[in-house]
Amino acid sequence: MMSPWTLPNLLSALRLGSAPLLLLLAVSGQREAFIWLLALAFLTDAVDGILARAMGQTSRLGAQLDSWADVAIYTVTAIALWLLWPALVRTEWIAVAAVVASFVLPALAGLLRFGCFTSYHTLLVKVAVAATVAGLLMMLLDISVWPFRLAALLAVLAALEELAITLVLPEERSDVISLWHVLRQQRGAS
């Protein structure tokens, strides 16, 4: 049996542990430090899954740790945006609300249907998260708001796919590539 203390799991745990520090930085008004730590948290999010697959260390625990860390980081980020950049949130409220809803609604659907957060990590979600992270950092660094607005649209599409997967699957599964793959597997099983 594989030890739970793998490098990918430790990176996810580090990300999870960074959430309270991010909140503390936001409450204390430390914008620059918040952006740096947030960028590091997003980097570990990008790397943990890649490492897990490359090292043959994928696991249910790893997928769950990754999802829990995502919940913590996304929740703290939403709170921090309001605390550190309230005028920006008011100006970009539609895109911010779309991104928040794209995360919250699939999570709630998973809780209602399966009693847990889902850990699909679909390809579309990965693309949407990468676009959202890049767009968010560009927006916070006052480069441009358009990448974040476009990423919000992509995040909504990814959320719709996750909601559809939750409706179609009979039980929660981790690491689902796409709705198309789920439907194809179900057709092959029948």
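Since every read-out is calculated from the coordinates, none of them should be taken as a lab result. In this text the structure is predicted, and so the values were computed from the model without any measurement. Cβ: placed from backbone, ideal geometry, glycine included. Neighbour counts: every protein chain shown.
For this structure, a couple of remarks:
- Cβ-Cβ FRET estimate between Ser28 and Trp93, R0 fixed at 22 Å, reported to 0.05: 0.35
- The label point for Trp180 and the one for Gln64, both projected 7 Å from the Cα toward the Cβ, are 3.2 nm apart.
- Shape of the chain, Cα gyration tensor, a/c cut at 1.5: oblate
- Legend: calculated FRET efficiency, Ala101 to Ser3, from the Cβ-Cβ distance at R0 = 35 Å, rounded to 0.05, equals 0.40.
- Net charge over other residues, Cβ less than 12 angstrom from the Cβ of Leu14 (K, R count +1; D, E count -1): -2
- Estimated FRET transfer efficiency when R0 is 35 angstrom, pair Met55-Ala164 (beta carbons, to 0.05): 0.65
- If you take all other residues with their beta carbon under 14 Å from the beta carbon of Ala39, and give Lys and Arg +1 and Asp and Glu -1, the sum is 0.
- Net length available on complete extension from Asp142 to Arg173 is 7.3 nm, with 0.36 nm assigned per residue and the Cα-Cα distance removed.
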